[in-house]
Amino acid sequence: MNTTPQTTAARGIVPAVLWGLAPFAWLFLLLGWLDLDGDLSGPVQTALGIAVLSLPAPWLLWASWRMPRRRVKTYLVEGGALAAMLLSLFVTAVYFLPAGNPNETASPGFTAAFAAAAVVLIAASWPLPGRRLAYGLPALGCAVFAISVQVPQWRTGAHLESAIAVADEVLLNVLMGAIALGVLLQIAWWLRGKLRAA
């Protein structure tokens, strides 16, 4: 009896399951880091946070550049990396931005984090023409957010008492809007190609 096909299938399922669980493992790390807030010294807490929040970037680049296309495992890796990156950006804004005075500019490191996210998204879209709208518009949203936090007037106004409220507004209106628009435009572009080919 030839068991090679079953063995090969099992070997293909196990990595897919592991990659499917990867976002939950990363979320566990993130929650563990947040739970340690106050238990570690400031520099150690910040360095650990940067390490955890940066993990989705190489994860997404690996999925885009190195993994075979049209595989369930690849879609799981890519989707998990994107979800983790989105949550990472949100936590970065919520956790690090309120530390500063809303009447002052954010730290250069904070701006660099969102600029780096924009670069990662552009790099991830490079080998995937079918993702360029879906990744490009969020990259633009990250770049706009990175610039906007350096302009005090954009962070004040109705929410002078709270930097976090303005940070959330910008994320929801610019970054999340760019992500949604990118996905919708990418789907529309894909449908247009299908209709023209029919």
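T92: polar (S, T, N, Q), buried (at least 20 other Cβ atoms within 10 Å of the Cβ) and out of contact with any strand residue (DSSP E or B) (no Cβ under 6 Å at 6 or more places or on another chain), yes or no?
Values: polar (S, T, N, Q): yes; buried (at least 20 other Cβ atoms within 10 Å of the Cβ): yes; out of contact with any strand residue (DSSP E or B) (no Cβ under 6 Å at 6 or more places or on another chain): yes.
Yes.
Consider A116 carefully, then state whether it is in contact (Cβ under 8 Å) with a residue 40 or more places away in the chain, in a helix (DSSP H, G or I) and open to solvent by less than 20 Å² (accessible area, probe 1.4 Å). Steps first, please.
Working: in contact (Cβ under 8 Å) with a residue 40 or more places away in the chain: yes; in a helix (DSSP H, G or I): yes; open to solvent by less than 20 Å² (accessible area, probe 1.4 Å): no.
In short, no.
When the residues of the range 11-23 are filtered to those that are open to solvent by 60 Å² or more (accessible area, probe 1.4 Å) and aliphatic (A, V, I, L, M), which remaining residue is nearest to F114 (Cα to Cα)? Please lay out each step first, then the result.
Start the filter on the range 11-23 by keeping residues that are open to solvent by 60 Å² or more (accessible area, probe 1.4 Å), which leaves 11, 13-14, 17-19, 21.
Adding the requirement that they be aliphatic (A, V, I, L, M) leaves 13-14, 17-18, 21.
Working: I13: 35, V14: 34, V17: 30, L18: 29, L21: 26 Å.
By that ranking, first place goes to L21.
With the requirement that a residue be over 14 Å from L60 (Cα atoms), surrounded by 14 or more Cβ atoms within 10 Å (Cβ to Cβ) and at pLDDT 80 or above, what does the range 139-159 give you?
Once the filter is applied, which keeps residues that are over 14 Å from L60 (Cα atoms), surrounded by 14 or more Cβ atoms within 10 Å (Cβ to Cβ) and at pLDDT 80 or above, the range 139-159 yields L140, G141, C142, A143, V144, F145, A146.
Across the range 160-188, what is the number of residues that are open to solvent by 80 Å² or more (accessible area, probe 1.4 Å) and either at pLDDT below 75 or touching a helix residue (DSSP H, G or I) at 6+ places or on another chain (Cβ under 6 Å) (or both)? Full working, then the answer.
Restricting attention to the range 160-188, the residues satisfying the condition of being open to solvent by 80 Å² or more (accessible area, probe 1.4 Å) are 160-161, 169, 172-173, 181, 184, 187.
Within this subset, residues satisfying the condition of being either at pLDDT below 75 or touching a helix residue (DSSP H, G or I) at 6+ places or on another chain (Cβ under 6 Å) (or both) are 160-161, 169, 172-173, 181.
The total comes to 6.
When you scan the range 24-73, how many residues do you find that are touching a helix residue (DSSP H, G or I) at 6+ places or on another chain (Cβ under 6 Å) and either of a type in the set (F, W, Y) or open to solvent by less than 30 Å² (accessible area, probe 1.4 Å) (or both)?
13
The values are calculated or read from the model by the stated rules, or taken from the named source; none is laboratory data. Because the structure is predicted, anything quoted here is derived from the model rather than measured. Cβ atoms come from the backbone with ideal geometry, glycine included; neighbour counts cover every protein chain shown. For accessibility, only protein heavy atoms count, side chains too; no ligands or nucleic acids. Shrake-Rupley method; radii C 1.70, N 1.55, O 1.52, S 1.80 Å.
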